[in-house]
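> Got a structure for you, questions after.
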Amino acid sequence: MFAAENGLKGDPRLQGISQAIRVVPHFPKPGIMFQDITTLLLDHKAFKDTVDIFVDRYRGMNISVVAGVEARGFMFGPSIALAIGAKFVPLRKPRKLPGEVISEAYDLEYGTDCLEMQIDAVKTGERALVIDDLVATGGTLSAAIRLLERMGAEVVECACVVGLREVKGQRRLNGKPLYILVEPRQLDGCF
């Protein structure tokens, strides 16, 4: 569900967030309209509004784990976790975490990838939120959900700053709700 369809219709913060995201045409390959959130991070107000909207949504939901997907989920997850009184758990690419880890592979449009989590990062019964910057196919979020559930966590929801209206992989999220702030921006005359 989009934030504008869930009580934030007409909220000027959403337009500010959308406008703060730079669109880079044909990156990393022809036909892709890359949604560059680094410009959002450079805009103090838009960055704060992004975190505040997520915090307002998740405060009071008894979430004890905010799991951020490498790497851009790391930019929003810790701030959200601190504000709602939860711990932050990084979900990393292979061989980036010390100690014993569990892994979950997932498919990409152009191959496969993998996420890892330390086995002692979550405990059975903890309520978790998964955060990332963008969702397109749902493959990464699906792998994150599986990692957390394998360790006994209850995934309450997934959240992304940017998401396609028709997330092709929504069914891959095993029925978990998906909360998205804004749709991807397009550039006029760029295809």
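> Keeping every protein chain present and rolling a 1.4 Å probe, give me the accessible area per residue for the chain in Å².
About 49 Å² of surface per residue is accessible.
> In whole angstrom, how long is each semi-axis of the equivalent ellipsoid of the range 63-189, when you take the square root of 5 times every eigenvalue of its Cα gyration tensor and sort them from largest down?
23, 17, 14
> Of all the accessible heavy-atom surface of the chain, with the other protein chains kept in place and a 1.4 Å probe, what percent is carbon and sulfur? Working shown, then result.
Working: 5010 of 9430 Å².
Result for the chain: 53 percent of the exposed heavy-atom area is carbon or sulfur.
> When only C-alpha pairs under 8 Å and at least 6 residues apart count, what is the relative contact order of the chain, in percent?
Details: 371 pairs, mean separation 39.3, N = 191.
After rounding, I find 21 percent.
> Considering Cα pairs under 8 angstrom that are at least six residues apart, work out the relative contact order of the range 31-126 and quote it in whole percent.
21 percent
> So what is Rg over Rh here for the range 25-137, counting just Cα atoms and using Kirkwood for Rh?
So for the range 25-137, dividing Rg by the Kirkwood Rh gives 1.00.
> By accessible area of protein heavy atoms, probe 1.4 Å, what ranking do Cys158, Cys114 get, highest first?
Sorted by accessible area, descending: Cys114, Cys158.
> Quick check: the angle from helix 44-58's long axis to the longest principal axis of the chain, C-alpha only, nearest 10 degrees?
Approximately 50 degrees, to the nearest ten.
The values are calculated or read from the model by the stated rules, or taken from the named source; none is laboratory data. Bear in mind the structure is a predicted one, so any value in this text is a computation, not a measurement. Please note that ligands, DNA and RNA were not included when accessible areas were found on the heavy atoms of the full protein model with its side chains. Shrake-Rupley method; radii C 1.70, N 1.55, O 1.52, S 1.80 Å.
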